[in-house]
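J.: Have a look at this one.
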Amino acid sequence: MFAKTGSYAFRASIVLILIYVLAGIFVGPTAGIVGAISRQLLPVWLALVVTFAVSVVFKRKLGLYGKLFDSTVGMIGFALVMFWVFTGIFGGVFDVLVTHDSLSQVSGMKNKLPGTPLARADATDYPWFLLGGDNLARDVFSRLIKGSWVVIQIAPMATIFAFMVGITLGLPAGYYGGKLDVFLSFLANLILAFPVILIFYLLVTPEIVLTGLPSYMAIVLFIFPLVFVAVLLNSRYYTQPSVRTPVLIAVLGLFGWLYLSMISNDGALVKTSTYDIPGLPAFLDLFDIGPGLLVVFVAVVFVNAPTVFRIVRGLALDIKTRDYVAAAQTRGEGPWYIMLWEILPNARGPLIVDFCLRIGYTTILLGTLGFFGLGLESESPDWGTTINAGRRLLSLYPHAAIVPALALLSLVLGLNLLADGLREESLRD
Amino acid sequence: MGVFILRRLGVILLTAFCLTFIVFWLTNLYPNLEKLAKTQGNFRMSDEAVASYLGNRGYLEPTPLKFGQWLGVVPGWVTETQDGKVFGRCFQDGTPVAERPKFCGILQGDWGYSTVFKEDVGPTVIKRLGLTGKLMFFVLLLMVPSALIVGVLAGMREGTRLDRSLSTFSIATTATPEYVSGVIFIAVLASSKFGLSPLLAEWGWIDSKTLFLGSATSAMKDATFWNFFLPVLTISLYGMGYIARMTRASMTEVMTAQYIRTARLKGVKFSNIVMKHALRNALIAPFTVIMLQIPWLLNGVVIVETLFNYKGFGWLLVQAASNNDIELLLAVSVVSVVVVLATQLISDIGYVLLNPRIRIT
């Protein structure tokens, strides 16, 4: 009886949320703040509906991803995550969802409550501050959306890099064991014994950026994807040199270019007050990451990599005793082939689940950095910095801090639910 | 067992040594020293003035030498200025020659001098640790029992609605970092203009203006439920979900064991099965998780102490790090590293003691 009411209540609340969203789209601003926001986010709703429709129709052909749509928890998580991904992409790349400039200050809008009409609005301006104004009279709604793009960009990339480092070092540590394992495990434990906040306070400061240390760390940490791909392809195709050589040259050329563009800034790999190490010239440089962003990125990868290393090492220790590994060894396969093409694919289930969880954790870490005002500049719209700026007036004007806090909560919750759904579905086979 | 503990202690000492050296090296990089000189002297110092300030105070010696001085295995620096003043790491100007100690480092029990607080590092750290200890005590008091209860209730009947809702609750808490839950709690429970407090005050249910106090500064002297509950709750909530999930996993595993089935078939009451047969075995895994969670709480402590303005150990870390107070920061990192490693050791030993099937050779 209780179970049934619970189930109905759950469905009813989901239906209610959908009604709110739908009604908002059609009624628009006359339905209040919710309606206006709902209409403003129309592209996101459309993208979500299309994604879900396509995925549900073809779910039997999509492997683990398709199976996700059998689990309610997984679907809710996926919806939350994709909501922020689409919001980030539409708002950050196409600039469509934002109502005002996220940096400009509008006079008379300081600390105004959500839904306040714009003072002295032109005909071209959006007539409201949907979620109010912050203590510098900027639009909280637009900053929220711009901030989601910062998170959506950095968190998954940093997690991928951490995984590359962890996998490339963890597999040999688990597979070979011995001195290598002892040494690498000691290093990993060394980093893990640091309180995360202490690492951040030591690494992510303008003074450390001046010494060029983050650039050196970037040079070391970012080379791991390159090494990983090279070893992956080489161990697979080294028996067929006619395939391997061109493939390796093409792939390594591309990855090498990306690597060099990533680590060089203004034509220099490392730039300090006393010396420069020249890097890729500016006309070949695909993109520049500012020194502030680079140090944040490096710090987050540095903190995450040892944990991934430990997980991969544990999985490798477990899987290397299986029969198919023994079979491959008898066949005469090389150690790297066994690690990357026998052990790694069989460890993918736990790794995918951990990947989702770790993106969430990275989001939390980015928020922590912002909360302590480290790394990103103080006007950056990312959620942690916004929470930090809003918390000073928290008991008088809570909206400026609550909005990004709830956003961060929902994204991390979505990633956790997604991981939970994936775990459930991958255990089912 | 004795050999195992000794070996672990050796590793701990080695790790602590490496970590303190890394912290020492990072804080002694020149831009950091320059910032220190400018905050201690004045911000418009010329480069030469900075160099002479640092040189006079022994900051420009090679890093390994300075590290040795800090440890107390290398004689401390001594400077003689042009106007005849003699002072050093271990003594001030005017100390008679006979009373000048040569070594003063942590081996001699001297943790140095804090440039921010203008007092000795040792007593400062101990005072702040005491305050954080009080916070941690209440956090553990709230977190551990509630996490275990949630985990056991969820795990005892796997797949039921109770399990699902409790599991979702634990996922939600692990997805809420302290700076998010703290902000929400303050806005909802501790604001005199928004949230619950104005409503409750209007109905006359609470005497004060707010339900809880949004700042824990007054809790440093005397902690009450009113001014101390929110920071404690904020830290506990984030750590709780993980412990609850581990307890649930271990409980579900135990509940499928043969001896539980036997007990059920014998007709033992379900409550007796849970309390007498399952619980003991199910609590072995959470014990290690709780111990390993303590270093994680340290992060939460730093965030919450900043947010609620409670001047404990985490607040000290922030002050030391943002002002590059080298010796204070070193002491803080030694303490936190020792906490991390000691809890790891305790969790290993406890695991062996609790689980007789495991033997260490």
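Where a number appears in this text, it was derived from the coordinates with a stated rule and is not lab data. Computed from a prediction, not measured in an experiment: that's the story for all the values here. Please note: Cβ atoms are built from the backbone with ideal geometry, for glycine as well, and neighbour counts cover all protein chains shown.
J.: For the pairs A:Lys112/B:Lys221; A:Lys110/B:Lys134; A:Lys59/A:Lys320; B:Lys193/B:Lys221, flag any whose C-alpha to C-alpha distance is greater than 31 Å.
T.: Values: A:Lys112/B:Lys221 37 Å; A:Lys110/B:Lys134 39 Å; A:Lys59/A:Lys320 33 Å; B:Lys193/B:Lys221 27 Å.
Beyond 31 Å between Cα atoms: A:Lys112/B:Lys221; A:Lys110/B:Lys134; A:Lys59/A:Lys320.
J.: Ok, one more. What lysines does B:Lys66 reach when the alpha-carbon gap must be under 20 Å and sequence neighbours fewer than 8 apart in one chain are set aside?
T.: Once the sequence-local lysines are set aside, what remains near B:Lys66 is B:Lys35, B:Lys102.
J.: What average number of partner chain Cβ atoms lie no more than 10 Å from the Cβ of the residues making up A:185-196?
T.: The shielding value for this peptide is 5.
J.: Where in region B:270-312 is the amide nitrogen less than 18 Å from a point lying 7 Å along the Cα-to-Cβ axis of B:Leu354?
T.: B:274-297
J.: Between helix A:2-27 and chain A, what is the angle of the helix's C-alpha long axis to the longest principal axis, kept within 0 to 90° and rounded to the nearest 10?
T.: Between helix and principal axis, roughly 70 degrees.
J.: Please list, short to long, the whole-number percent of alpha-carbon pairs of region A:173-310 in consecutive 10 angstrom bins beginning at zero.
T.: Going from the shortest bin to the longest, the percentages are 11, 31, 31, 22, 4, 0.
J.: Right, another one. Under 1.5 on a/c is rounded, so check that first for chain A, then, if it is not, pick prolate when a/b is larger than b/c and oblate when it is not; a ≥ b ≥ c are the square roots of the alpha carbon gyration tensor eigenvalues. Before the final figure, lay out the partial values.
T.: Details: a/c = 2.05, a/b = 1.37, b/c = 1.49.
Verdict is oblate for chain A.
J.: Springs between alpha-carbon pairs under 10 angstrom, Gaussian network model over chain B: which of B:Val152, B:Val274, B:Val139 fluctuates most?
T.: Top of the fluctuation ranking is B:Val274.
J.: Using a Gaussian network model on chain A with a 10 Å cutoff between Cα atoms, which of A:Tyr361, A:Tyr237, A:Tyr275 fluctuates the most?
T.: Its mean-square fluctuation being the largest, the pick is A:Tyr275.
J.: Sum -39500 (n - 2.57) across every DSSP H segment of at least 4 residues in chain B, then divide by the residue count to get the 222 nm mean residue ellipticity, nearest 500.
T.: Result for chain B, helices only: -21500 deg cm²/dmol.
J.: Using helices alone, I'd like the mean residue ellipticity at 222 nm for chain A: each DSSP H run of four-plus residues gives -39500 (n - 2.57), total over residue count, nearest 500. Provide the component values of the computation, followed by the final result.
T.: On the way: 17 runs with 288 residues, N = 429.
Here the helix-only value at 222 nm equals -22500 deg cm²/dmol.
J.: When you take every Cα atom in region A:152-399, what is the radius of gyration, and what is Dmax, the widest Cα pair distance, in Å?
T.: 20.3, 71
J.: Using each residue's phi in region B:202-210, evaluate 6.51 cos²θ - 1.76 cosθ + 1.60 at θ = phi - 60° and report the 3J(HN,Hα) Karplus result to the nearest Hz, with x for Gly and Pro.
T.: Values per residue, Gly and Pro as x: 5, 6, x, 7, 10, 7, 7, 6, 10 Hz.
J.: Using just the C-alpha positions of region A:302-363 as equal point scatterers, what log10 of I(q)/I(0) does the Debye formula give at each q in 0.21 1/Å?
T.: Once normalised to I(0) and log-transformed, intensities are -0.82.
J.: Okay, moving on. What number results when the radius of gyration of the protein assembly as shown, computed over Cα atoms, is divided by 2.2 N^0.38 Å? Could you put the intermediate results ahead of the total?
T.: Numbers: Rg = 28.5 Å, N = 790, 2.2 N^0.38 = 27.8 Å.
The value comes to 1.03.
J.: Give the list, by residue number, of cysteines in chain B with no other Cys Cβ closer than 4.7 Å, or say none.
T.: Cysteines lacking a close Cβ partner in chain B: B:Cys18.
J.: Can you give me the Cα centroid spacing of region B:162-188 and region A:236-304 in angstrom?
T.: Using only Cα atoms, the two centres lie 39 Å from each other.
J.: Would you kindly derive the ³J(HN,Hα) couplings of region A:38-55 from the backbone phi angles with the Karplus curve 6.51 cos²θ - 1.76 cosθ + 1.60 (θ = phi - 60°), listing them in order in whole Hz, with x for Gly and Pro?
T.: 4, 5, 4, 8, 3, x, 5, 4, 4, 4, 4, 4, 4, 4, 5, 4, 4, 5
J.: Ok, one more. Which FRET efficiency value, to the nearest 0.05, is calculated for B:Thr39 and B:Val78 with the Förster distance at 35 angstrom and r the Cβ-Cβ distance?
T.: 0.90
J.: Can you spot the aspartates and glutamates whose alpha carbon is less than 15 Å from B:Lys38's alpha carbon? Ignore those fewer than 8 places along the same chain.
T.: Those aspartates and glutamates meeting the cut-off are A:Glu207, B:Asp47, B:Glu48, B:Asp325.
J.: With a 10 Å radius around each residue's Cβ, average the other Cβ atoms per peptide and rank B:346-355, A:215-224, highest first.
T.: Values: B:346-355: 15.4, A:215-224: 19.4.
Going by the mean number of other Cβ atoms within 10 Å, highest first, we get A:215-224, B:346-355.
J.: Counting only other chains, and only Cβ atoms inside 10 Å, what mean value do you get across the residues of B:157-165?
T.: Mean number of neighbouring Cβ atoms from other chains: 2.
J.: In whole Å, what are the Cα extents of chain B along the three principal axes, biggest one first?
T.: The Cα atoms of chain B stretch 91, 66, 32 Å along the principal axes, largest first.
J.: If the reach is capped at under 19 angstrom between alpha carbons, list the lysines near B:Lys276, excluding any in the same chain fewer than eight residues apart.
T.: Straight-distance partners of B:Lys276: B:Lys266.
J.: Under the Karplus relation 6.51 cos²θ - 1.76 cosθ + 1.60, θ = phi - 60°, what is the ordered set of whole-Hz ³J(HN,Hα) values for region B:149-158, x standing for Gly and Pro?
T.: So the J values, rounded to whole Hz, are 4, 4, x, 5, 4, 6, x, 6, 10, 5.
J.: If amide H atoms are built 1.01 Å from N in the plane of the peptide, which residues on other chains or at least 5 residues away come under 5 Å of the amide H of A:Ala137?
T.: A:Asn111
J.: Would you pull out the residues with amide H under 5 Å of A:Asp276's amide H, same chain only if 5 or more places away, H placed 1.01 Å from N?
T.: Those lying under 5 Å, H to H, from A:Asp276: there are none.
J.: Something else: Taking H placed 1.01 Å from N in the peptide plane, check which residues at least 5 places from A:Thr116 or on another chain put their amide H under 5 Å from its amide H.
T.: A:Phe129, A:Gly132
J.: Here's a follow-up. How would you classify region B:223-361 from its alpha-carbon gyration tensor, with a ≥ b ≥ c the square roots of the eigenvalues: rounded for a/c under 1.5, else prolate if a/b is greater than b/c, otherwise oblate? Please list the in-between numbers first.
T.: Details: a/c = 4.30, a/b = 1.99, b/c = 2.16.
Note, shape of region B:223-361 comes out oblate.
J.: Per residue of B:312-320, how many C-beta atoms from partner chains lie within 10 Å of its own C-beta, taken as a mean?
T.: Shielding by partners across B:312-320 averages 1.
J.: Something else about it: If we sort A:332-342, B:331-341 on the protection proxy, mean other Cβ atoms within 10 Å, highest first, what's the order?
T.: Working: A:332-342: 17.6, B:331-341: 21.7.
The peptides rank, most packed first, as B:331-341, A:332-342.
J.: For B:Gln108 and B:Glu48, what does the FRET efficiency come to when R0 = 35 Å and r is the distance between their Cβ atoms, rounded to the nearest 0.05?
T.: 0.55
J.: Roughly how many Å is it from the Cα centre of region A:10-51 to that of region A:358-429, as a whole number?
T.: Each part's Cα centre sits 23 Å from the other's.
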